[in-house]
Ligand SMILES: Nc1ncnc2c1ncn2[C@@H]1O[C@H](COP(=O)(O)OP(=O)(O)OP(=O)(O)O)[C@@H](O)[C@H]1O
Ligand SMILES: [Mg+2]
């Protein structure tokens, strides 16, 4: 009998290697990030000269190359240290998954002692083993914590990793923290902030010319020769530059445009496919961004989406618009926080979260002006309420 997959092998007319356009691909060349990469190399090279590298904090908007640069530099250091048999151990983890001090330390210790099982052991025991390994191996540990803002007890984690150095000689623990939450740093405990941010690196958004060059590099290896029209590349770069300066958006636009060309049996990827891809990609990016927001911001956004879709706001001001008072959103947010058994933040932080959500384009706000229930802030969703609500309901398990 013929195998079920017989006949499923398809030769793509569009892609040479579609994987290269996927978000998890780490390019070998990272143009326009030479400064940041050199700086990271200069800080981390302390480890190969047998001293402790400073802790580093990398930040910038989404899609500005933070993850790619971090992985690239850490991989290079790992390769180099291994080739010279240097006692340097590198860790990289995304704190969306490793979101507590316990999880981060367990992951490190488990990698240090692969033959032992640390599941279920106390945090103290795990921490002691980390120190033991460093002492016995005179080892330099570099811990890359991507999306570090997701760690729930970050003050405790940073404190533990920093304090380890007080007990170590000829060995050390250094942190490379990464975040796209622009005001996250200001929210840190001052002691945590000064420990983590010994060196800071900013990743600015890319401009259209930079995005065009990044795309050209990528298209050359991912698509068949001549399939993607030059103007389609320029358009994808221009759209991404105008919206966010985000290389992820730019790459995703060409990926989806390529998919559309493939589905429709076209021979070329033109402006038309990029224009169609724009809507798909915008939604994918917004939904992904919502999933990666810290839990408290997700709760604030969810309260707004819920009130909007339940049509609780003032509808008179516009036909389909639903406009909410900041006070009623705060009340709803507190109710939901209680339901998901999370403590709620003060009104001051709540206002701060509203500001950030507005900065990401997820909300629009305006002041009501005097005389309308006193001075109050009016809030409106920037995207489809149903979609936001659905994605957050899956994420937050609120029902
Ligand atoms: N300088 C660059 N050259 C080539 N590709 C790049 C460059 N910068 C970013 N990219 C590409 O853009 C996409 C997003 O980059 P990356 O994941 O590094 O961004 P990020 O800053 O970590 O974003 P986020 O804050 O959302 O995590 C990836 O597909 C990456 O390959
Ligand atoms: Mg990243």
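Tabulated values for the structure
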read-out: Expected 222 nm ellipticity per residue - DSSP helices of 4 or more, -39500 (n - 2.57), all of the chain, to 500; value: -16500 deg cm²/dmol
read-out: Order of 32, 80, 5 under a 10 Å beta carbon neighbour criterion, fewest first; value: 5, 80, 32
read-out: Choice from 245, 258, 382 showing the highest fluctuation, given a GNM over the chain with Cα pairs closer than 10 Å; value: 382
read-out: For 395, 24, 72, 97, order by how many other beta-carbon atoms lie within 10 Å, fewest first; value: 24, 97, 395, 72
read-out: Taking 192, 376, 70 and counting other C-beta atoms within 10 Å, the order from fewest to most; value: 376, 192, 70
read-out: Overall Cα dimensions of the stretch 207-291, principal axis frame, Å, largest first; value: 35, 27, 20
read-out: Kirkwood-based shape ratio for the chain, expressed as Rg/Rh from alpha carbons; value: 1.01
read-out: Segment residue 48-residue 231, length gained on full extension (0.36 nm per residue, minus Cα span); value: 61.3 nm
read-out: Beta bridge orientation in the chain: antiparallel %, DSSP, nearest 5; value: 30 percent
read-out: Part-to-part distance (alpha-carbon centres) for the stretch 1-59 and the stretch 67-138, which is given in Å; value: 20 Å
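We did not get these values from a lab; they are worked out from the coordinates using the rules stated. Please read all numbers here as calculations on a predicted model, not as lab measurements. Virtual Cβ from ideal backbone geometry, glycine too; neighbours counted across all protein chains shown.
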